[in-house]
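The values are calculated or read from the model by the stated rules, or taken from the named source; none is laboratory data. Remember, predicted model here, so these are calculated numbers, not experimental data. Neighbour counts run over all protein chains shown; Cβ positions are idealised from the backbone, glycine included.
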Amino acid sequence: MISLIIWIILGFLAGFIAKSIMPGPDGGGFILTTILGIVGAVVGGYIGGLLFNTPMVSSFDNIGNSLLSFVFSVIGAIVVLAIYRLITGRSLSN
């Protein structure tokens, strides 16, 4: 249960940062940003774990792994947001 809460918080933060880096006319507001952030966080955390052989965040016991996972979560959220914009036909540059 704690892992789920951590992923929701991490996903929201990753989505918020991704949206700040790539502002644009996305519909859906807070809920869509959170969902895209969670998907991006899971994808980015998984890929980061594969590349650096670190476990995905399930607690904040090891802050080094947590920070690395968070960086990859933000990158994943940016990629998911870009894919969402391509699928929905929204501009990537707005």
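Taking each residue of segment 28-52 that is under 14 Å from residue 7 (Cα atoms) and looking for partners that are among the hydrophobic types (A, V, I, L, M, F, W, C) and not in a helix (DSSP H, G or I) with beta-carbon atoms closer than 7 Å, six or more apart or interchain, yields 45/56; 45/57; 46/56.
Applying a threshold of 7 Å to beta carbon distances and a minimum spacing of six or more residues, or different chains, the list of pairs starting in segment 1-20 at a residue that is under 16 Å from residue 82 (Cα atoms) and ending at one that is modelled with pLDDT of 80 or more and outside any helix (DSSP H, G or I) is empty. Within segment 20-36, the set of residues being modelled with pLDDT of 80 or more and under 10 Å from the mean Cα position of the chain (by Cα) comprises 35, 36.
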